[in-house]
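The values are calculated or read from the model by the stated rules, or taken from the named source; none is laboratory data. Because the structure is a prediction, the values reported are computed rather than measured. Cβ placement follows ideal geometry from the backbone for every residue including glycine, while neighbour counts extend to all protein chains displayed.
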């Protein structure tokens with residue numbers, strides 16, 4: 001998320017907006033959930049078709065608040081401007097405010113000047129328990145999805161590791177930027193079989209054989225999305241990559257290249273799935289199904 005200049009209103013309910021995020025089927029903080037309806041549920045919002053913009057700020061007493069607004073175009077413009085280093089006054093009309101929720105569902109590293117330190121409002125004041133960021137100290141769905149975010153954002157960094165001959169890569173902290181000297185994943189243990197078996201160019205095409213049970217289940221689940229469309233946001237396009245998520249797994253791929261799979265069951269590990277005769281068709285179909293930012 002991007003820090004912005006603060007703005008205030010004249011009344012006692014002033015909100016100092018620190019940053020913002022989109023919450024739509026095509027673009028939502030994946031750290032929250034595997035799909036858009038689940039992300040809305042975390043925030044106690046109805047999954048509106050056009051989604052929401054999320055404003056993260058503090059009131060005059062320093063309390064943390066998350067304000068969901070229906071004017072998604074306003075938030076999208078603000079984010080685009082901030083990314084370019086430009087100022088943008090994010091002052092939504094009150095008629096677009098869908099909910100004011102206590103707490104922040106994501107970590108925000110900045111605070112408003114001239115007000116008390118960030119703290120959660122009381123449950124009585126907020127009307128519900130305050131939102132809080134997911135626990136990132138222990139590997140699980142939130143870190144797995146953050147790891148997939150990093151791979152989608154820095155695809156070629158990860159791809160070059162395989163070009164250099166590594167069979168895979170390991171990330172000890174999925175939320176961090178992968179280093180050039182990331183530790184290669186070890187060879188498959190005896191009896192596990194290779195992660196991917198590809199046919200030679202002069203052989204008749206055969207399905208890609210995935211020996212890793214968890215990766216195979218992830219690919220089968222992704223393929224099932226083609227016949228039974230998943231909830232909005234389970235498959236989307238991000239940073240030029242196709243992204244698919246499901247219970248316990250995330251897949252990041254480029255339709256003209258290969259795929260990477262992350263699993264809840266294997267902390268910090270990234271499993272490459274190289275192209276074979278079957279993978280390109282799956283990726284193309286997922287790409288056609290993916291939700292995209294307009």
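Any idea which of (1) part of a helix (DSSP H, G or I); (2) at pLDDT 95 or above is the one residue 105 doesn't satisfy?
Unmet condition: (1).
Scan segment 100-113 and report the pairs whose first residue is at positive phi and whose second residue is surrounded by 17 or more Cβ atoms within 10 Å (Cβ to Cβ), with Cβ atoms within less than 7 Å and a gap of 6+ or a chain change.
103/64; 103/66; 103/120; 103/130; 103/131
Considering (1) in contact (Cβ under 8 Å) with a residue 12 or more places away in the chain; (2) under 21 Å from residue 32 (Cα atoms); (3) not assigned by TED's automatic domain parsing to the domain that holds residue 243, say which one residue 135 fails and leave the rest.
Checking residue 135 against (1) in contact (Cβ under 8 Å) with a residue 12 or more places away in the chain; (2) under 21 Å from residue 32 (Cα atoms); (3) not assigned by TED's automatic domain parsing to the domain that holds residue 243, the one that fails is (1).
Starting from residues that are outside any loop (DSSP other than H, G, I, E, B) and surrounded by fewer than 18 Cβ atoms within 10 Å (Cβ to Cβ), keep the ones in segment 226-241 and report whichever is nearest to the chain's Cα centre (by Cα).
226
Is there a residue being under 25 Å from the mean Cα position of the chain (by Cα) and either in a strand (DSSP E or B) or without any contact (Cβ under 8 Å) to a residue 40 or more places away in the chain (or both) anywhere in segment 116-131?
Taking every residue of segment 116-131 in turn, at least one turns out to be under 25 Å from the mean Cα position of the chain (by Cα) and either in a strand (DSSP E or B) or without any contact (Cβ under 8 Å) to a residue 40 or more places away in the chain (or both).
Is it true that some residue in segment 275-282 is more than 17 Å from residue 225 (Cβ to Cβ) and crowded, with 16+ Cβ neighbours inside 10 Å?
Checking segment 275-282: at least one residue is more than 17 Å from residue 225 (Cβ to Cβ) and crowded, with 16+ Cβ neighbours inside 10 Å.
Go through segment 265-294 residue by residue and tally those that are assigned to a helix (DSSP H, G or I) and closer than 15 Å to residue 218 by Cα.
Residues meeting the conditions: 4.
Does residue 162 satisfy the criteria of being at pLDDT below 90 and in a helix (DSSP H, G or I)? Give the derivation first.
Details: at pLDDT below 90: yes; in a helix (DSSP H, G or I): yes.
Here the answer is yes, as residue 162 does meet what is asked.
Just to be sure, is residue 220 exposed (fewer than 14 other Cβ atoms within 10 Å of the Cβ) and at pLDDT 50 or above?
yes
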